[in-house]
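The next block holds one structure in the form of structure tokens; read it before the comments.
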Amino acid sequence: MLDVDFVRQHFPCFNDSPTARWAFFENAGGSYAPQSVSSWLYRFFTEYKVQPYGFSDMSIRAGEEMDMAYSRIAEWINAREEEITLGPSTTMNMYVLAQAVRATLAEGDEVIVTNQDHEANIGCWRRFSEAGIKVREWKIDPGNGELDIADLRTLVSDKTRLVCFSLCSNVVGTFNDVRAVSKIARDVGALVVADGVSYAPHKVIDVTELDADFILFSTYKTFGTHLGVLWGDADVLRTLPAQGHYFNAANPRYRMNPTGPLHAEIAALNGVFDYFDSLYHHHFTEKKGGLHERAKKVFKLFAKHETDLANLVLDYLRDNPRVRLIGKDRAGESDRAATISFVTTDRSVVEVAKHLAQKQVAIGCGNFYAVRCIEALGIPSEPGVLRASMVHYNTREEVHRLLQAMNEAV
Ligand SMILES: Cc1ncc(COP(=O)(O)O)c(C=O)c1O
């Protein structure tokens with residue numbers, strides 16, 4: 001079992017801070033970071049915030065910490081280091097990736113996007129239509145927000161070059177079946193771009209197991225600093241034109257990155273892995289296994305705990321006649337994240353969110369840039385939906401506070 005008290009000791013926001021009074025349920029918008037992340041960031045800023053990879057002690061140290069972060073990120077997701085690009089956000093990384101892919105397509109080619117995704121993995125691909133590329137939409141079920149794999153089969157053809165979808169929607173919360181999507185895409189020779197932003201806080205990405213060509217996620221939602229990770233299969237990356245400065249084309253870190261890296265924020269990601277390791281050593285005695293294996297074991301504890309919390313919330317929402325729940329009404333560890341969206345039928349969602357805030361219960365309210373998904377569900381994207389999103393540091397006691405405040409509000 002996950003020792004949640006031990007977990008929470010790592011986060012200053014739960015201890016010596018005015019924020020400690022809040023029950024926080026907007027983790028899908030951005031998670032808290034443990035002390036270890038702030039410590040790496042503080043040290044970098046106060047001791048060696050200089051141009052890295054030079055000859056001074058400060059510059060060497062700065063470069064070493066960045067290198068260490070690149071290699072730990074790669075290890076975490078079971079990738080090779082040359083497959084990792086770190087940019088400012090997933091939206092920006094996706095946009096850059098789209099520029100690269102676009103150069104390889106021709107008029108008459110087709111790409112598939114969903115209407116379930118965050119706009120980051122839709123808009124940049126939809127723009128391809130300006131170049132005569134056909135964009136097909138894989139549509140959700142308007143009742144429950146789910147994608148049906150059978151529908152994808154009817155959309156692909158020998159013209160399909162790309163299938164873009166999410167490992168987990170930030171509104172619906174279902175873990176989509178990436179292997180099934182990849183199989184269909186591979187059969188017609190198409191590439192697969194998977195948005196992993198709402199997946200990565202809950203499950204360890206294993207790029208060899210998930211079988212996509214590109215997986216992107218945001219580290220500010222995985223307990224770190226505000227960055228985006230673009231993983232691309234090395235062989236596929238090589239087929240795309242470089243997007244960075246021409247003289248960096250052979251440098252895998254900067255090939256797909258037209259911007260300068262955010263040095264301190266990259267170095268501070270080491271704090272995320274220190275945190276995972278601290279949890280590992282607290283819960284497990286076995287010493288062998290690399291970062292990826294250790295993280296998988298820790299995340300297995302997360303999944304069990306999060307599923308338990310999710311089902312407390314789902315049990316309440318499912319039985320409430322004044323609520324329309326989106327997505328699965330029961331969570332299993334491998335089919336649903338603890339990202340739970342719903343609308344209230346008798347009271348505006350904004351009023352409910354405000355009422356909860358008065359009780360120091362923080363819940364999301366809006367469209368979360370999944371505008372197409374929310375509208376396809378027949379819900380106005382303004383003001384959108386309520387979203388209670390939990391991660392491993394949430395507690396049962398917090399959930400009880402949420403449900404009590406919900407009872408009053410609804
Ligand atoms: C599922 C999903 N994809 C993409 C994004 C965009 O990520 P970023 O803010 O790093 O651009 C978000 C952000 O909320 C998201 O939830």
*For the chain, what proportion of DSSP beta bridges, expressed in % and rounded to the nearest 5, is antiparallel?*
50 percent
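As an exercise, find the ratio Rg/Rh for the stretch 37-142 from alpha-carbon atoms, using the Kirkwood inverse-distance average for Rh. Spell out each step's value before the answer.
On the way: Rg = 19.6 Å, Rh = 17.0 Å.
Result for the stretch 37-142 is an Rg/Rh of 1.15.
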_Cα-centre dipole for the stretch 40-271 with unit charges at Cβ (Lys and Arg positive, Asp and Glu negative), debye to 20_ = 360 debye
*Please turn the phi angles of the stretch 359-367 into ³J(HN,Hα) values with the Karplus equation 6.51 cos²θ - 1.76 cosθ + 1.60 (θ = phi - 60°), one per residue in order, whole Hz, x for glycine and proline.*
8, 6, 10, 9, 10, x, 8, x, 10
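Remind me, relative contact order of the stretch 345-389 in percent, using alpha carbon pairs under 8 angstrom and six or more residues apart? Let's see the in-between values first.
Values: 47 pairs, mean separation 17.9, N = 45.
Worked out over the stretch 345-389, it gives 40 percent.
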*Express in nm, to one decimal, how much length is gained between ASP206 and GLU130 on full extension, taking 0.36 nm for each residue of separation and deducting their alpha carbon distance.*
23.9 nm
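Grab the Cα-Cα distance for THR104 and TYR53, subtract it from 0.36 nm times how many residues apart they are, and report the gain in nm with one decimal.
Values: separation 51, 0.36 × 51 = 18.36 nm, distance 3.39 nm.
So the extension gain works out to 15.0 nm.
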*the stretch 239-254 - phi-based ³J(HN,Hα) in whole Hz, Karplus 6.51/-1.76/1.60, Gly and Pro as x*: 7, 9, x, 5, 10, x, 4, 4, 6, 9, 4, 8, 9, x, 5, 10
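Please report the equivalent ellipsoid semi-axes of the chain, computed as sqrt(5 x eigenvalue) of the Cα gyration tensor, largest first, in whole Å. List each step's numbers first, then the result.
Values: eigenvalues 207, 180, 67 Å².
Over the Cα atoms of the chain, the semi-axes work out to 32, 30, 18 Å.
Would you be so kind as to identify all helices of the chain, as entire DSSP H runs, whose Cα atoms reach 15 Å or more along the helix's own axis and whose mean Kyte-Doolittle hydropathy is at least -0.5? Mind showing how you got there, number by number?
Details: long enough: 35-47 (17 Å, -0.25); 57-76 (28 Å, -0.53); 90-102 (17 Å, 0.42); 270-283 (20 Å, -0.74); 291-318 (38 Å, -0.30); 396-409 (19 Å, -0.89).
Span-like helices, by this rule, are 35-47, 90-102, 291-318.
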*For the chain, which longest stretch is free of loop sites, where a loop site is one of the GluC sites (Glu not before Pro) that DSSP puts outside H, G, I, E and B and that has at most 12 other Cβ atoms within 10 Å?*
108-285
*Any idea which of VAL391, ALA250, ALA98 is furthest toward the positive side of the dipole for the chain, if Lys and Arg beta-carbons carry +1 and Asp and Glu beta-carbons -1?*
VAL391
*chymotrypsin sites (Phe, Trp or Tyr not before Pro), restricted to the stretch 1-86: which are DSSP loop and have at most 15 other Cβ atoms within 10 Å?*
TYR53, PHE55
*For the stretch 40-271, just run the numbers: alpha carbon Rg, then divide by 2.2 N^0.38 Å, N being how many residues it has.*
1.04
*Enumerate the lysines that LYS49 could reach by cross-link, defined here as Cα to Cα under 29 Å, with residues fewer than 8 away along the same chain left out.*
LYS221
*Would you work out the relative contact order for the stretch 40-271, in percent, from Cα pairs under 8 angstrom that are 6 or more residues apart?*
27 percent
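Starting from the Cα-Cα distance between LYS359 and ASP177, subtract it from 0.36 nm times their residue separation and give me the gain in nm to one decimal.
Numbers: separation 182, 0.36 × 182 = 65.52 nm, distance 3.78 nm.
Taking LYS359 through ASP177 to full extension adds about 61.7 nm, to one decimal.
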*Would you be so kind as to identify which of LEU403, PHE299, LEU309 lies farthest towards the positive end of the dipole of the stretch 251-410, taking Lys and Arg as +1 and Asp and Glu as -1 on Cβ and the Cα centre as origin?*
PHE299
*How many nm is it between the label spots at THR19 and GLU146, if each spot is 7 Å from the Cα in line with the beta carbon?*
3.6 nm
*Going down the list LYS183/LYS297; LYS203/LYS304; LYS139/LYS328; LYS139/LYS304, which pairs span over 20 Å between their C-alpha atoms?*
LYS183/LYS297; LYS139/LYS304
*For the stretch 9-34, list residues with backbone N below 20 Å from a point placed 7 Å from the Cα of GLU408 toward its Cβ?*
19-26
*Residues with amide H under 5 Å of GLY228's amide H, sequence separation 5 or more or different chain, H placed in the peptide plane at 1.01 Å from N; which?*
GLY87, SER89, THR219
*Magnitude of the charge dipole, the stretch 30-117, Cβ model with Lys/Arg +1 and Asp/Glu -1, debye to 20*: 380 debye
*In what order do CYS373, CYS168, CYS365, CYS13 fall by count of nearby beta-carbon atoms within 10 Å, going from fewest to most?*
CYS13, CYS365, CYS168, CYS373
*Dipole in debye (nearest 20) - the chain, about Cα centre, beta carbon charges: Lys, Arg +1; Asp, Glu -1*: 280 debye
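In percent, what relative contact order does the chain have, based on Cα pairs under 8 Å that are 6 or more apart in sequence? Write down the numbers at each step before the final one.
On the way: 825 pairs, mean separation 96.5, N = 410.
For the chain, the relative contact order is 24 percent.
All of the numbers you see were taken from the coordinates with simple rules; none came from a lab. All figures in this text were calculated on a predicted structure; none of them were measured in a lab. Cβ atoms come from the backbone with ideal geometry, glycine included; neighbour counts cover every protein chain shown.
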